[in-house]
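Working notes, structure below.
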Amino acid sequence: MRTAAAQPSWTGAQVGGQGGVSPMAQGFAEPGSHLFPVCMSGGGTYPDSYCRETPFSFNGHKTSATGGAFLGYRIQFGSVVAGIEGDINAKSGAASYAASDSNLYRMETFTGTVNQGGDGSIRGRLGWLVTPWTLVYGTGGVAFGNVSGSFGYTAHEIDGLCGVPCASVSGGGSWSTTRTGATGGGGVETLITPNLTLRLEYRYTDLGTFSENVGLHTVCAGTCTSPSNNAQITLHPIFQAVRVGIGYNF
C-alpha cells in the first residue's frame, strides 16, 4: 500500500515525444469566374450561364501518421494541475480532384490539390488528479500548420458557334503558407515511474478559412469584354489527432 509520503508531485518541467494518427478535412472551393458577361454569337444570344465558369469544389478526407515532441511546465495545487505546453509534429495528408464541364458554347477543365503538412501549438493545460498518479485534463490554445496546394483551369469557346475567332482562358499556380488557428482537446496522463508519464490525448484543430489567388490569362475575341484575370480559391483546413506520448518529468 502506498503511503502519503510516497505521493508524487506534478510540479515541474516536462519533455517528451508523441505519435499517432491524424484525420484531415481539406475544404477547397473556386466559385467561378467570367469568361464573357453575355454570350453573343452570329447575332444570337446564349444564356448567361453558358459563359460562366462552373463552380469547382471538393472536400477530401485523408488520414496520416503523425509524430513529434512536446515541452511544458506544470504546477500542482492540491488535486488541480495547471500548466502550459508547446508541441511540434510532422504529418502529410494530400487530397486532389479533377473535373470537366461543357455546354453548347464552351468547355472547361479543372484540377485542384491541397495538402496539410507539419503542425504545432502553444496551449494551456488544466487537469484534475483522479488519483495521485493519474491526471485527467483539458487543453486548448493557438495552433500553427502548413497548408499547400495548387489550382489549374482552362476554358474555350467551342468551334462552330463562335461566329468570330474563339476566346479562351487558362491559368494555374501553387502556394504554400503557414496558417494560425485554434486547437482544443483533452486526455489522460499517468505516472508509470517517478519520472515518466504515459499519456493519451485527442485534439481538434481548425486552421480557419482563407483564400489564395491564381492568375488567369484570357485571349479575347468578339464579345469577350470583361474577362477574369484571377481565380480565387477558398480553403478551410481542419484536422484531428489522437496521440500517445511519453514524458520525462524534471
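We did not get these values from a lab; they are worked out from the coordinates using the rules stated. A quick note: this is a predicted structure, and the numbers were derived from the prediction, not measured. Ideal geometry is used to build each Cβ from the backbone, glycine not excepted, and the neighbour counts take in all protein chains shown.
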| Given labels modelled 7 Å from the Cα in the Cβ direction, how far is it in nm from residue 180 to residue 92? | 2.8
| said: Can you give the local net charge around residue 19? Use residues other than it whose beta-carbon is closer than 12 angstrom to its beta-carbon, Lys and Arg +1, Asp and Glu -1. | reply: +1
| Per q in 0.17 1/Å, what log10 I(q)/I(0) does a Debye calculation on the alpha-carbon atoms of the stretch 60-118 return? | -0.77
| For residue 204 and residue 73, FRET efficiency with R0 = 25 Å and r from the beta-carbon atoms, rounded to 0.05? | 0.55
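Ranking request for peptides 182-191, 206-215: highest mean number of other beta-carbon atoms within 10 Å first, then the rest in descending order. It would help to have the intermediate numbers written out before the result.
Details: 182-191: 17.9, 206-215: 15.9.
By packing density, highest mean first, the sequence is 182-191, 206-215.
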| Karplus-derived 3J(HN,Hα), 6.51/-1.76/1.60, for each residue of the stretch 101-113, Hz, glycine and proline x | 8, 8, 9, 5, 10, 8, 10, 9, 9, 10, 9, x, 9
| said: Just to confirm a number: summing +1 for Lys and Arg and -1 for Asp and Glu over residues other than residue 140 whose beta-carbon lies under 10 angstrom from that of residue 140, what do you get? | reply: +3
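Taking R0 as 41 Å, what's the FRET efficiency between residue 188 and residue 61 from their Cβ-Cβ distance, rounded to 0.05?
Details: r = 27 Å, r/R0 = 0.66.
After rounding to 0.05, the efficiency reads 0.90.
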